[in-house]
Amino acid sequence: MKTSGFTFIRNAIIYDYPIVEAIQSILPLCDEVVVAVGKSEDDTLGLIKGIASEKIRIVETVWDDSLREGGRVLAEETNKAYAAIAKDADWAIYIQGDEVLHEAYIENIRAAMLRFKDDEKVDGLLLNYLHFYGSYDYVGSSPNWYRKEIRVVRNRSSIYSYRDAQGFRKGEDEKLNVIPVDAWMYHYGWVKDPRAMQKKQEEFNKLWHDDAWVKQHVVKADAFDYGAHVRELRRFTGKHPVIMQQRIAAKNWTFDHDISMNKKTMKDRFKQFVLDQFGWDISYKNYREIRG
């Protein structure tokens, strides 16, 4: 079995992305990792070149910043990396620049890839998600956070990154048939130095909206106010991936949240009621779960 990893990144230093940790977290599963490095305003290229692994192969790209609808450019960059993986790879593991695969689940993923390698009806594997918010001590717990997403796909020309690169589709806008795996991806996109987070908010909204929308909806500030955007959080009581320990120890900001002040919308309350009472997750799913 041959496995390729793939990801994309730009301005990782400016926006404080844990891209090095992200790549390192999937290396044990991969024979190679293709990194599409967009032309940056910082030394992102040097950062990636500095990762000590012969498995890494860099593809230099230029983002089309005119694609300002629905985060489409993110899918375009994902597809560039996916298209560059080894032609004889059986599986492709995708990871974004603010995600880290916990090492405790590497063997679960490997076992699933081996088990379903020759099962043609399986297009990919579905991983669980934890979304950290504000600091490394809190996890988003409202139903608006996606609970699962596809992060392992077959090496097929019919498969492509969908919309803003959160998931994948095949053929003519068809959902992938996926097998859920007991494995967790840790998403750190909402855990940054507040100054870096503010820069990201001001710039990344331009990938979804025009200048007028950004001017109206994104407040100019020196630092991001995490407290003003909280909905519902819970304390994280588990262990972060080992590869994240150094970054976590070096964090230099504080964020505290009174869990008793969590805000629940009526929509969130209904989704949670259905999940608790019947075990049904009625949130939108960008995939089709099947039995192996």
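Looking only at segment 199-230, count how many residues are in contact (Cβ under 8 Å) with a residue 24 or more places away in the chain and surrounded by fewer than 13 Cβ atoms within 10 Å (Cβ to Cβ).
4
At pLDDT below 95 and either among the basic types (Lys, Arg) or out of contact with any Leu (no Cβ under 8 Å at 6 or more places or on another chain) (or both) - does that describe any residue in segment 35-54?
Initial filter on segment 35-54 (at pLDDT below 95): 52.
Right, trim to either among the basic types (Lys, Arg) or out of contact with any Leu (no Cβ under 8 Å at 6 or more places or on another chain) (or both) and you get 52.
Yes: one or more hits.
Considering only residues that are closer than 22 Å to Asp90 by Cα and either out of contact with any Lys or Arg (no Cβ under 8 Å at 6 or more places or on another chain) or surrounded by fewer than 17 Cβ atoms within 10 Å (Cβ to Cβ) (or both), which ones fall in segment 142-160? I'd like the intermediate steps shown before the answer.
To start, the set of residues in segment 142-160 that are closer than 22 Å to Asp90 by Cα comprises 149-160.
Glu149, Ile150, Arg151, Val152, Val153, Arg154, Arg156, Ser157, Ser158, listed by residue number.
Within segment 44-88, track down each residue that is part of a loop (DSSP other than H, G, I, E, B) and charged (D, E, K, R).
Pass one, segment 44-88, residues part of a loop (DSSP other than H, G, I, E, B): 50-55, 62-71, 84-88.
Scanning segment 44-88 gives Glu54, Lys55, Asp64, Asp65, Arg68, Glu69, Lys87, Asp88.
Arg68 is checked against (1) surrounded by 18 or more Cβ atoms within 10 Å (Cβ to Cβ); (2) closer than 16 Å to Gly97 by Cα; (3) not aliphatic (A, V, I, L, M) and fails just one. What number does that condition carry?
The one condition Arg68 does not meet is (2).
Pairs under 6 Å by beta carbon, first residue surrounded by fewer than 23 Cβ atoms within 10 Å (Cβ to Cβ) in segment 24-42, partner assigned to a helix (DSSP H, G or I) and at pLDDT below 95, six or more apart or different chains?
Going by the 6 Å Cβ cut-off, there are no qualifying pairs.
Condition first: farther than 19 Å from Tyr129 by Cβ, out of contact with any strand residue (DSSP E or B) (no Cβ under 8 Å at 6 or more places or on another chain) and either of a type outside the set (S, T, N, Q) or surrounded by fewer than 17 Cβ atoms within 10 Å (Cβ to Cβ) (or both). Now tell me which residues in segment 179-198 satisfy that.
To start, the set of residues in segment 179-198 that are farther than 19 Å from Tyr129 by Cβ comprises 193-198.
Among the residues that remain, those that are also out of contact with any strand residue (DSSP E or B) (no Cβ under 8 Å at 6 or more places or on another chain) are: 193-196, 198.
Scanning segment 179-198 gives Asp193, Pro194, Arg195, Ala196.
Return the residue satisfying two criteria in turn: it lies in segment 236-274 and is closer than 27 Å to Ser25 by Cβ and among the charged types (D, E, K, R), and of such residues it is modelled with the lowest pLDDT.
So the first thing to find is which residues in segment 236-274 are closer than 27 Å to Ser25 by Cβ, and the list is 236-255, 257.
Within this subset, residues satisfying the condition of being among the charged types (D, E, K, R) are 239, 247, 251.
Details: Lys239: 97, Arg247: 95, Lys251: 87.
That would be Lys251.
Conditions first: (1) at pLDDT 90 or above; (2) loosely packed, with under 12 Cβ neighbours inside 10 Å. Tyr287 passes all but one, so which condition is the exception?
Going through the list (1) at pLDDT 90 or above; (2) loosely packed, with under 12 Cβ neighbours inside 10 Å, Tyr287 breaks only (2).
Which residues, counting only those in segment 1-43, are touching a helix residue (DSSP H, G or I) at 6+ places or on another chain (Cβ under 7 Å), in a loop (DSSP other than H, G, I, E, B) and among the charged types (D, E, K, R)?
Answer for segment 1-43, where residues must be touching a helix residue (DSSP H, G or I) at 6+ places or on another chain (Cβ under 7 Å), in a loop (DSSP other than H, G, I, E, B) and among the charged types (D, E, K, R): Arg10, Asp16.
Is there a residue being small (Gly, Ala, Ser) and touching a helix residue (DSSP H, G or I) at 6+ places or on another chain (Cβ under 9 Å) anywhere in segment 73-89?
No, because not a single residue in segment 73-89 is small (Gly, Ala, Ser) and touching a helix residue (DSSP H, G or I) at 6+ places or on another chain (Cβ under 9 Å).
Looking for whichever is touching a His at 6+ places or on another chain (Cβ under 8 Å), surrounded by 20 or more Cβ atoms within 10 Å (Cβ to Cβ) and modelled with pLDDT of 90 or more here; the options are Leu233, Leu176. Which one fits?
On the way: Leu176 fails: touching a His at 6+ places or on another chain (Cβ under 8 Å).
After applying the criteria, what remains is Leu233.
The values are calculated or read from the model by the stated rules, or taken from the named source; none is laboratory data. All of these numbers come straight from a predicted model, not from anything done at the bench. So basically every Cβ, Gly included, is an ideal-geometry build from the backbone, and we count neighbours across all protein chains shown.
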